1. Students often get this wrong: which residues of segment 417-459 have the backbone nitrogen under 15 Å from the point 7 angstrom along Cα-to-C-beta of GLU380?
2. Could you give the size of the charge dipole of the chain about its Cα centre, using +1 on the Cβ of each K and R and -1 on the Cβ of each D and E, expressed in debye and rounded to the nearest 20?
3. At 222 nm, what value in deg cm²/dmol follows for the chain if DSSP H runs of at least 4 each add -39500 (n - 2.57) and the sum is divided by all its residues, to the nearest 500?
4. Could the peptides 484-493, 334-343 be put in order, highest first, of the mean number of other beta-carbon atoms found within 10 Å of their residues?
5. Helix 364-379 sits at what angle to the longest principal axis of the chain, using alpha carbons and giving 0 to 90 degrees rounded to 10?
6. Taking a quarter of the surface of the Cα convex hull of segment 277-348, what do you get in nm²?
7. Please label the shape of segment 210-353 as rounded, prolate or oblate, based on the square roots a ≥ b ≥ c of the eigenvalues of the alpha-carbon gyration tensor (a/c under 1.5 means rounded; beyond that, a/b larger than b/c means prolate, else oblate).
8. Peptides 464-471, 442-449: what's the order by average Cβ count within 10 Å, highest mean first?
Amino acid sequence: MATQRYSVTPHPIDTLLTWVKSGEIAIPEIQRPFVWEATKVRNLLDSLYQGYPVGYLIAWRNPMVKLKDGSTSAGKRILIDGQQRVTALMASLLGMEVLTKDYERIRIRIAFNPLAEGDAPSFEVSNPAIAKNPLWIPDVSKLFQTDADLFDQTDAYIARNPEIDRSQVGKALQRLLKIVNNSVGLIELAEDLDIETVTEIFIRVNSAGAELSQADFAMSKIAVNETYGGNTLRKAIEYFCHLAVSQDFFTQIEKNDPEFARSEFMAKMAWLKDVNDDLYDPTYTDMLRVAFTSEFGRGKLQDLVALLSGRNFATKQYEESIAEESFAKLSQGVLAFMSKTHFDRFTMILKSAGFVTSDLIRSRNAINFAYILFLRGRRENLPGHVIESLVRRWYAMSILRGRYSGSPETAFDFDIRQIDLQGLQTYVEAVIENELPSTFWTGMLPQLMDTSSSTSPYFIAYLAAQARLGDRGFLSAGITVRDLLLNRGDKHHVFPRKHLQRTGASRGSYNQIANFVMAQSEINIAIGDKAPEAYFAELREQVYGGSQRYGGITDPDELRVNLAMNCLPTSMLDGELPTYEDFLAKRRQLMAEKIHQWVGVL
């Protein structure tokens with residue numbers, strides 16, 4: 001069965017490079033940043049020169065597509081593994097420019113020493129010193145030009161080094177030129193293979209064991225399509241993601257890609273150059289998921305790959321009109337994603353729910369689907385306040401129930417199809433009611449909060465709840481939890497760690513999330529490792545006229561309000577100090593009530 005699904009054929013490097021130049025094999029990475037260091041390019045040439053194998057290339061043929069006139073066209077073969085190696089060969093042997101991570105076009109020049117012997121290197125990355133050294137040919141691509149003549153090249157070298165044996169030089173240059181005759185195995189995968197099978201073959205063949213995601217395949221399909229603007233669309237996705245984390249990148253786009261700078265995508269993302277907010281810095285996977293799911297009503301990226309190929313799911317045939325329509329819809333989804341109005345409104349909604357810093361954004365899939373809800377709400381013309389409430393509550397429910405932590409694509413697909421069937425508001429309200437019944441707050445959530453992970457969704461939800469509800473920090477008279485989150489306040493142990501160590505508590509129990517409160521650094525330092533009974537006794541003194549040791553609260557009623565805000569039993573102020581285990585159990589209940597209150601006002 002396997003032999004019918006793919007073939008393995010050796011091809012000379014020269015043939016493969018010819019196919020790439022003619023477009024018979026499409027390299028989606030050819031206009032993307034080249035990630036190899038120049039030394040890896042040098043090492044690749046040296047391996048070929050020494051006759052060593054350089055691994056397999058893997059190509060996946062696009063399916064036969066039915067054209068508008070009724071005829072069919074064989075699709076290109078997309079190189080899904082070996083892109084960096086082929087790009088390195090084209091850069092070093094053919095003199096092709098590559099893009100740096102800053103999208104600047106540069107040449108990688110590899111120098112060759114035809115007289116190298118023993119451990120002396122035959123290849124080096126060219127530099128000014130090598131360029132001045134007559135023993136080195138500073139750029140091997142000159143030798144591979146179509147009009148290059150081996151005798152002329154040998155004569156030029158001997159003219160610089162008259163004492164050198166001509167035959168030795170000639171043999172070395174002949175050996176170098178023959179590296180394009182070295183064979184590389186090309187694994188060609190059948191067009192009807194699904195993404196999971198292609199991924200499995202890739203991992204098994206790739207010695208590095210690297211993983212390809214469905215988003216990688218989708219980006220490859222997009223990148224190699226010039227007919228419907230896929231190459232520009234791919235740039236739009238990558239440029240937006242890069243610009244979101246590096247505002248200076250805008251000038252690089254204008255300088256190095258003037259054609260893209262004139263596109264509608266550039267105009268749509270230009271606002272990012274003036275923004276410095278890292279709450280939601282999307283990756284290309286995030287953008288694809290949101291744009292595809294919101295526009296197509298599907299949640300599985302393998303369906304996007306099929307649609308971009310022109311698949312008709314009803315007839316199981318491939319049609320050019322479907323590919324054209326799919327590229328147009330995806331472009332609209334990407335434009336909607338990068339709209340300043342949409343993006344600003346969405347991040348504002350997240351902040352209004354209490355997620356005020358990127359440290360509180362832990363589930364990429366949950367935030368992606370929340371953005372999908374926002375875009376669908378806009379499409380359904382729901383009132384703004386309704387969209388905001390639905391998005392806030394859905395996101396809170398998603399992180400509390402881990403809705404997208406297991407099989408996110410399956411969950412995406414199910415949810416978006418149900419939204420199409422039932423309508424956004426009806427479906428969201430029903431799911432939230434079902435996922436967050438009254439028993440969740442009193443029974444399940446306190447149990448789930450029995451954890452030492454400060455990045456757990458339950459502690460994050462608790463902090464967001466405090467930020468949304470305007471709670472003040474532990475023992476703070478005016479500083480809010482929101483202030484502390486934005487300015488990196490301290491997570492203070494109510495029962496200090498060293499105190500618990502002295503009492504013989506187990507190591508794993510120190511950092512229970514129910515033992516944490518957000519506090520100002522000076523308050524945290526002042527408490528130090530004092531036992532709770534000691535510093536709570538001092539707090540009683542403070543609010544009843546004693547010295548002011550911890551924060552600015554001097555009124556007993558205000559202090560009780562502060563303890564309640566931070567989900568601490570107010571009885572602790574009266575000297576009723578529970579055991580550590582009893583304290584954790586009680587505080588988990590109080591924190592669960594706080595989160596319940598929060599969801600109720602979102």
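1. So the set is 417-433.
2. On the way: 66 positive and 74 negative charges, 50 e Å.
The calculated dipole for the chain is roughly 240 debye.
3. Working: 29 runs with 316 residues, N = 602.
Calculated from helices alone, the mean residue ellipticity at 222 nm is -16000 deg cm²/dmol.
4. On the way: 484-493: 17.7, 334-343: 19.6.
Peptide ranking by packing, descending: 334-343, 484-493.
5. With rounding to tens, the tilt is 90 degrees.
6. Details: hull surface 20.0 nm².
The number I arrive at for segment 277-348 is 5.0 nm².
7. Numbers: a/c = 2.04, a/b = 1.48, b/c = 1.38.
It comes out prolate by the Cα gyration axes.
8. Details: 464-471: 22.6, 442-449: 16.5.
With the highest mean Cβ count within 10 Å placed first, the list reads 464-471, 442-449.
Values in this text are rule-based calculations from the coordinates and carry no lab data. Since this is a predicted model, take the numbers as computed values, not measurements. In this analysis, Cβ positions are derived from the backbone assuming ideal geometry, glycine residues included, and neighbour counts consider all displayed protein chains.
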